[in-house]
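Engineer: Here it is: the structure, laid out below.
The values are calculated or read from the model by the stated rules, or taken from the named source; none is laboratory data. Please read these numbers as outputs of a predicted model, since none were measured by experiment. No Cβ is skipped: glycine too gets one built from the backbone with ideal geometry, and neighbour counts run over all protein chains shown.
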């Protein structure tokens, strides 16, 4: 897939076929996250690849917008390490860019993906930290549910020329 | 360019040729930002496209990592509107994904680009707000310097398998 097509046709996909995903594909998606830019190139991220029903159920029980995980054969938790980030507040900015790289990579590989937000909702951060037994200094930022798409979504028009300004506001 | 190539060869480019950039390309890059996912699809962003020497000089005077702007024929300020974001803290997450889309789009179009961080450094946020005369509720998030590349950078190995965990930490 070319870049323009990927950028302009990617959608949040929440329904998945039950077929499994090749672990090599999952690794490529995580690698795409690792190639995102990060403040002062600190690359403060960690990724937890998970499939266990028990974990998915625990997340769904505490996170109201995560029901699509039930059908996802493989999902990824994107985290940042407060001890690795450039400075306070940067880990989340870096993980957001990494998450976007991963969504584009999944789309390119023919997979559907959905970004499930954790940060900045601190109640979700704490609950996910507990479920994945993260060290105190590791902050769960986003979940990416993956799967072969079982829904098709049209390409919306999101171009808003009124949001473009020239030189000053 | 295909997606994998874009994801894995994109680098921060800080040296640019003096030749101008087609305004249509700039519009495509901004559009790529608008096609990023955002929390609850709020699309809380604004973009200021600028070229004026005076503005670039003002930024360079207050932002220590923005010297590449001097050579950039066109740069873009990515902002979010606090009144449009889903909730506090989300505008920055959304703008980070938008910035990453724009960097990949620029790379695809044969341009070099560099993400110059503003948020979460509040002194920079206030200074840039002043320079661009932004309304009180509009927060400058990042600057993207653009230009035809006048430097080549090798592709680094950023794959860190030790940052991948399975099922739990």
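Engineer: Could you grab me the full set of residues in region B:51-99 that are in contact with a strand residue (DSSP E or B) (Cβ under 6 Å, 6 or more places away or on another chain), at the interface with chain A (Cβ under 10 Å from one of its Cβ atoms) and either over 16 Å from residue B:118 (Cα atoms) or free of Cβ contacts under 8 Å to residues at least 12 places away in the same chain (or both)?
Structural biologist: B:51
Engineer: Quick test of your reading of the structure: residue A:121 fulfils all but one of (1) out of contact with any strand residue (DSSP E or B) (no Cβ under 9 Å at 6 or more places or on another chain); (2) farther than 21 Å from residue B:96 by Cα. Name the failing condition by number.
Structural biologist: Of the numbered conditions (1) out of contact with any strand residue (DSSP E or B) (no Cβ under 9 Å at 6 or more places or on another chain); (2) farther than 21 Å from residue B:96 by Cα, the odd one out for residue A:121 is (2).
Engineer: I'm trying to understand the selection: among the residues of region B:1-10, which are in contact with a strand residue (DSSP E or B) (Cβ under 8 Å, 6 or more places away or on another chain) and either without any contact (Cβ under 8 Å) to a residue 60 or more places away in the chain or assigned to a helix (DSSP H, G or I) (or both)?
Structural biologist: Residues satisfying the conditions are B:2, B:3.
Engineer: Show the residue pairs that are 6+ apart or on different chains and have beta-carbon atoms under 8 Å apart, the first residue being within region A:125-151 and modelled with pLDDT of 95 or more, the second being assigned to a helix (DSSP H, G or I) and surrounded by fewer than 18 Cβ atoms within 10 Å (Cβ to Cβ).
Structural biologist: So the pair list comes out as A:127/A:62; A:128/A:62; A:131/A:58; A:131/A:62; A:139/A:125; A:140/A:125; A:147/A:71; A:150/A:71.
Engineer: Would you call residue A:40 surrounded by fewer than 24 Cβ atoms within 10 Å (Cβ to Cβ), farther than 26 Å from residue B:114 by Cα and either in contact with a strand residue (DSSP E or B) (Cβ under 7 Å, 6 or more places away or on another chain) or in contact (Cβ under 8 Å) with a residue 12 or more places away in the chain (or both)?
Structural biologist: no
Engineer: Here's something else I'd like to know. Suppose the filter is outside any helix (DSSP H, G or I) and in contact (Cβ under 8 Å) with a residue 12 or more places away in the chain; does residue A:33 pass it?
Structural biologist: Answer is no for this residue.
Engineer: Return a yes/no flag: does region B:133-145 have any residue that is at the interface with chain A (Cβ under 9 Å from one of its Cβ atoms), buried (at least 17 other Cβ atoms within 10 Å of the Cβ), in contact with a helix residue (DSSP H, G or I) (Cβ under 6 Å, 6 or more places away or on another chain) and under 25 Å from residue A:88 (Cβ atoms).
Structural biologist: Yes, because at least one residue in region B:133-145 is at the interface with chain A (Cβ under 9 Å from one of its Cβ atoms), buried (at least 17 other Cβ atoms within 10 Å of the Cβ), in contact with a helix residue (DSSP H, G or I) (Cβ under 6 Å, 6 or more places away or on another chain) and under 25 Å from residue A:88 (Cβ atoms).
Engineer: Among the residues in region A:11-28, are any surrounded by fewer than 21 Cβ atoms within 10 Å (Cβ to Cβ) and in a strand (DSSP E or B)?
Structural biologist: yes
Engineer: Of all residues in region B:146-169, count the ones that are more than 10 Å from every other protein chain (Cβ to nearest Cβ) and part of a loop (DSSP other than H, G, I, E, B).
Structural biologist: Of the residues in region B:146-169, 6 are more than 10 Å from every other protein chain (Cβ to nearest Cβ) and part of a loop (DSSP other than H, G, I, E, B).
Engineer: Output the qualifying pairs, or none if there are none: Cβ atoms under 6 angstrom, residues six or more apart or on different chains, first residue in region A:100-122 and more than 10 Å from every other protein chain (Cβ to nearest Cβ) and at positive phi, second residue modelled with pLDDT under 95 and in a loop (DSSP other than H, G, I, E, B).
Structural biologist: none
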